[in-house]
Amino acid sequence: MEKNKLTSDTLCKLIQTRTVEKKALRYVESQIVSAALYYTGTPDCNFFTLDEWPDEICSAKKAYVTLNTIMGYNSSEHDRFIEGKKQIPEFFTPGGIKKIIELFILLYAHAVENRETAASFKTVKMSRQNEITEGTSIIKPLTSTTKLSEKEIMELGYGNKNNLAICKYTFHEGVVYFDMEDLGSEYLKPEEAEVLLLPGNRLYTTYCGTSPEFRGSDGNYAHIYEVHVFAPYFELTSEPQEYLENIVFNNSTLEVIKNYFEELNNFKVDFPSVPECYIVWKKAFQQLVFRELSKLL
């Protein structure tokens, strides 16, 4: 096995058996911790390691910007460009994309193994209105919510969004989530009390009006939504696995995407045109991720 390489099949076997060697289990657990720290912006340099990856990747404090962009909706790139959120173009190599998929697998493995009947468990998130679908929907990008109050979130600066929406989540049985407080002393941002809602969870969202108490960065009142979260369901397409992999790990395509993400970091010019190959790549990438995560349910 390659250093720091963990296939989904191996992971499934490790988390489902009671006879596996403790050393192997400790390896998986340490990688889960490192993956969680990396996603939340406190990398320990044990997931993306300095001897194998460029510093722009290894020590990234906001890698979640790019991870959420490629797992996100059609407007994700534009939203982060308008808000001046820096992307990490260096991710876009076959090895980098494989490692990102591994990160999602590790987070999901912990969440699936540790989910409980979560009736009445509640969190809050500051979102953009265009990321919200009223009625029934399914989570695609990882969603960072928190146990904090709306006022505490605003004081930390996480309400600095145009078209601000405040989402109040209520969890139901079987929800897949990663409570960062599970990491104990390894969690380096305990003041944020983050709970990651992971892909596949089903949402039922209701609009509740505006709040005169909170405003977004554009000065407009925040919109309030009640969101009920239910157990995951993945919509898997019929394309052959090899077809998707040929798109996602294509060197030429990834080079074009890398150049596009470099352009997304130039906030002094107009929003760059989206390459057609990126639109196709993003759909194929998300489908690969969903297929891997569905194996763990």
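Reported count of residues in the stretch 161-218, each being of a type in the set (Lys, Arg) and without any contact (Cβ under 8 Å) to a residue 60 or more places away in the chain, is 2. Condition test on Glu152, is it out of contact with any helix residue (DSSP H, G or I) (no Cβ under 8 Å at 6 or more places or on another chain) and of a type outside the set (Gly, Ala, Ser)? Criteria met by Glu152.
Every listed requirement among (1) within 17 Å of Glu226 (Cβ to Cβ); (2) surrounded by fewer than 21 Cβ atoms within 10 Å (Cβ to Cβ) is met by Thr143 save one, (2). Tell me, yes or no, whether the stretch 170-179 has at least one residue that is under 24 Å from Glu77 (Cβ atoms), touching a Lys or Arg at 6+ places or on another chain (Cβ under 7 Å) and not in a helix (DSSP H, G or I). No: zero hits.
Got at least one residue in the stretch 60-67 being surrounded by 15 or more Cβ atoms within 10 Å (Cβ to Cβ), in a helix (DSSP H, G or I) and either basic (Lys, Arg) or in contact with a Pro (Cβ under 9 Å, 6 or more places away or on another chain) (or both)? Looking through the stretch 60-67, at least one residue is surrounded by 15 or more Cβ atoms within 10 Å (Cβ to Cβ), in a helix (DSSP H, G or I) and either basic (Lys, Arg) or in contact with a Pro (Cβ under 9 Å, 6 or more places away or on another chain) (or both). Among the residues of the stretch 224-241, is there at least one that is on the phi > 0 side of the Ramachandran plot and in contact with a helix residue (DSSP H, G or I) (Cβ under 9 Å, 6 or more places away or on another chain)? No, the conditions are met nowhere in the stretch 224-241. For the stretch 210-223, the criterion of a residue being surrounded by 13 or more Cβ atoms within 10 Å (Cβ to Cβ), under 18 Å from Ala111 (Cα atoms) and either of a type outside the set (D, E, K, R) or more than 19 Å from the chain's Cα centre (by Cα) (or both) is satisfied by no position.
Of the strands (runs of 3 or more DSSP E) entirely within the stretch 186-297, those holding at least 2 residues that are touching a Lys or Arg at 6+ places or on another chain (Cβ under 7 Å) and closer than 30 Å to His172 by Cβ occupy 221-230. With the structure loaded, tell me whether Tyr73 is surrounded by fewer than 20 Cβ atoms within 10 Å (Cβ to Cβ), at pLDDT below 95 and touching an Asp or Glu at 6+ places or on another chain (Cβ under 7 Å) or whether it fails that test. So Tyr73 fits the description; yes.
The values are calculated or read from the model by the stated rules, or taken from the named source; none is laboratory data. Here the structure is a predicted model, which means the values were calculated and not measured. Glycine also receives a Cβ, built like all others from the backbone with ideal geometry; neighbour counts cover every protein chain displayed.
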